[in-house]
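The next block holds one structure in the form of structure tokens; read it before the comments.
The values are calculated or read from the model by the stated rules, or taken from the named source; none is laboratory data. Since the structure is predicted, the reported quantities are computational estimates derived from the model, not experimental observations. Ideal geometry is used to build each Cβ from the backbone, glycine not excepted, and the neighbour counts take in all protein chains shown.
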Amino acid sequence: MSSTVLVINSGSSSIKYQLIDPASGESLASGLVERIGEPEGRVEHRTGGRTTEQRNPVPDHAEGLRTVLNLFDEVGPALADAGVVAVGHRVVQGGRYYDSAVLIDDEVVDVIDRLAPLAPLHNPPNLTGIRVARELLPDVPHVAVFDTAFFRNLPEAAATYALDREVAERYNVRRYGAHGTSHQYVALKAAAMVGRPSAELRQVVLHLGNGASASAVYGGRAVDTSMGLTPLEGLVMGTRTGDIDPAVVFHLARNAGMSIDDIDDLLNKRSGLKGLTGYNDMREVHRLADGGDAEAILAVEVYAHRLRKYIGSYAAVMGGIDVLSFTAGVGENDALVRADAVAGLEFLGIEIDPERNVAPSREARYISPDGARVAVLVVPTNEELAIARQAVALL
Ligand code: ADP
């Protein structure tokens, strides 16, 4: 059997995993542990078209991962025979330290821990996953792949907030970006699709999932991105505001009697599509809009307006645009959002073919007409595969 990588994405109450053959891209098994620490836990393990489910309390991440390893033993594929050459861990925040994947040792663990104030919801559970996986799988190398790495070398002009320098430096306030693994994967794939050397391509990538972000990639290098110090900045998302006047925070603190934690929760978890319509899922928002719901119609317009602003500003940053790629849950599936996002952008050379846009497909594909100045693409992202490939490349 060929070499495989076990990819782990450890969250505060969940662990997602996938066993991947990085050469072929084949997923040999995948699954998730949910509701860790809650009275009723759930584990789902999928392999060979079959899903095994267990419902038991999962007190902590160590127990969760043990359950997963048992499932590999009982249901397969047996990890001992699967040629596991590495465990790849998704880590959200790598700060200014890492611009590519890194072999995990105690020093790396320490850095991820120290970066927790920049990603308080993500780095600590990522680290918990790393700790338990290193304990339970001590004989294979563990690799950290950071969501920020692709944006580590943004030009200073794009990464710097116009904030008092001393405060910014002391508290590490700058733009780090996120979703970098996906943006990098999609930009590479898009360059291969258009068949031109990525060195000369001006690309915009729109990763539109529940979280959403845009990036400008010039010559294979990220030159701007919409997420900032945290994933709150930028596009309208499922539950996040994206760009907002920071004075909204002062206004609410002074006039609405809200604490900083209340406002944090409001902006991150109760805003975006959810704040505008009550639903964070774009399918639900469309359903409401189709029924004439004025708030849902407005929400779709706000979402698309922000997208057009970002596409235009990134074309300005790069002096033009050659490739525009849509990815993630909304970007890959939602023809309406794609059409709205590019409406009126013909002056940039951006056009889509209406039939290509609505043709259902799970494959990477063109949705611009033949001969269009800008290649508009739908490129399904695969962060797990990207993590697996980065892990083996490092080794
Ligand atoms: P995450 O950010 O959680 O990784 P995904 O990239 O899986 O998210 O995207 C999830 C989101 O994609 C859902 O919240 C939903 O809004 C959207 N989505 C999924 N399928 C469709 C679809 N067919 N049409 C429109 N939106 C969709």
Neighbours by Cβ (under 7 Å, 6+ apart or cross-chain): first from segment 143-168, over 15 Å from Ser215 (Cβ atoms); second surrounded by 22 or more Cβ atoms within 10 Å (Cβ to Cβ) and among the basic types (Lys, Arg): Val145/Arg90
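Quick check on this structure: which one of Asp243, Asp261, Asp265 is away from the ligand (no atom under 16 Å from the Cβ) and more than 24 Å from His179 (Cα to Cα)?
Values: Asp243 fails: more than 24 Å from His179 (Cα to Cα); Asp265 fails: more than 24 Å from His179 (Cα to Cα).
Testing whether each residue is away from the ligand (no atom under 16 Å from the Cβ) and more than 24 Å from His179 (Cα to Cα) leaves just Asp261.
Inside segment 332-364, can you point out the residues that are within 16 Å of the ligand (Cβ to nearest atom) and either surrounded by fewer than 16 Cβ atoms within 10 Å (Cβ to Cβ) or among the small types (Gly, Ala, Ser) (or both)? Give the derivation first.
Applying the first criterion (within 16 Å of the ligand (Cβ to nearest atom)) to segment 332-364 yields 332-341, 357-364.
Across segment 332-364, the qualifying residues are Ala335, Ala339, Ala341, Val358, Ala359, Pro360, Ser361, Arg362, Glu363, Ala364.
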Positions within segment 314-331 being surrounded by 20 or more Cβ atoms within 10 Å (Cβ to Cβ), within 16 Å of the ligand (Cβ to nearest atom) and in a helix (DSSP H, G or I), in sequence order: Ala328, Val330, Gly331
Residues (small (Gly, Ala, Ser) and more than 21 Å from Met318 (Cβ to Cβ)) located in segment 152-166: Ala162
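Here is a list: Arg134, Arg114, Arg90. Which entry is surrounded by fewer than 21 Cβ atoms within 10 Å (Cβ to Cβ) and within 23 Å of the chain's Cα centre (by Cα)? Even if it seems obvious, please write down each step before you answer.
Values: Arg134 fails: within 23 Å of the chain's Cα centre (by Cα); Arg90 fails: surrounded by fewer than 21 Cβ atoms within 10 Å (Cβ to Cβ).
Step by step, each of Arg134, Arg114, Arg90 is checked, and only Arg114 is surrounded by fewer than 21 Cβ atoms within 10 Å (Cβ to Cβ) and within 23 Å of the chain's Cα centre (by Cα).
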Segment 269-313, residues that are surrounded by fewer than 20 Cβ atoms within 10 Å (Cβ to Cβ), at positive phi and within 12 Å of the ligand (Cβ to nearest atom): none
Every pair of residues 6+ apart whose Cβ atoms lie under 6 Å, when the first sits in segment 290-312 and is more than 21 Å from Arg270 (Cβ to Cβ) while the second is part of a helix (DSSP H, G or I) and of a type in the set (D, E, K, R): Ala304/Asp340
Residues of segment 170-215 satisfying the condition of being within 16 Å of the ligand (Cβ to nearest atom) and of a type in the set (A, V, I, L, M): Ala178, Val186, Val205, Leu206, Leu208, Ala212, Ala214
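So for segment 89-102 (the condition being farther than 21 Å from Glu63 by Cβ and charged (D, E, K, R)), does at least one residue qualify? Step through it out loud before you land on a result.
As a first pass, look at segment 89-102 and keep what is farther than 21 Å from Glu63 by Cβ: 91-102.
Keeping just the survivors that are charged (D, E, K, R) gives 96, 99.
Within segment 89-102, one or more residues are farther than 21 Å from Glu63 by Cβ and charged (D, E, K, R).
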Candidate set: segment 223-235, residues that are surrounded by 24 or more Cβ atoms within 10 Å (Cβ to Cβ) and over 20 Å from Leu348 (Cβ atoms); chosen: the one farthest from the ligand (Cβ to nearest atom): Met227
Pairs where the first residue, in segment 67-82, is farther than 15 Å from Thr4 by Cα and the second is β-branched (Val, Ile, Thr) and outside any helix (DSSP H, G or I), C-beta under 6 Å, 6+ apart: Thr67/Val43; Val75/Thr52
Breaking point among (1) loosely packed, with under 12 Cβ neighbours inside 10 Å; (2) at pLDDT 95 or above, for Ala78: (2)
Count of segment 334-349 residues which are hydrophobic (A, V, I, L, M, F, W, C) and in contact (Cβ under 8 Å) with a residue 60 or more places away in the chain: 2
Condition broken by Thr47, with the remaining ones in (1) farther than 30 Å from Leu154 by Cβ; (2) at pLDDT 95 or above; (3) surrounded by fewer than 18 Cβ atoms within 10 Å (Cβ to Cβ) satisfied: (3)
Pair list, Cβ under 8 Å, 6 or more apart: segment 375-395 residue free of Cβ contacts under 8 Å to residues at least 24 places away in the same chain, other residue surrounded by fewer than 24 Cβ atoms within 10 Å (Cβ to Cβ): none
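Please go through segment 365-395 and pick out each residue that is assigned to a loop (DSSP other than H, G, I, E, B) and more than 16 Å from the ligand (Cβ to nearest atom). Outline the logic, then answer.
Initially, segment 365-395 is screened for residues assigned to a loop (DSSP other than H, G, I, E, B), giving 367-374, 379-382, 395.
Passing the criteria: Ser368, Pro369, Asp370, Gly371, Ala372, Arg373, Val374, Leu395.
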First in segment 273-285 and farther than 12 Å from Arg240 by Cα and in contact (Cβ under 8 Å) with a residue 12 or more places away in the chain, second anywhere and near the ligand (Cβ under 6 Å from one of its atoms) and of a type outside the set (Val, Ile, Thr), Cβ under 6 Å, 6 or more apart: Met282/Asp334
Exclusive hit being more than 28 Å from Ile15 (Cα to Cα), among the basic types (Lys, Arg) and assigned to a loop (DSSP other than H, G, I, E, B), set Arg196, Arg175: Arg196
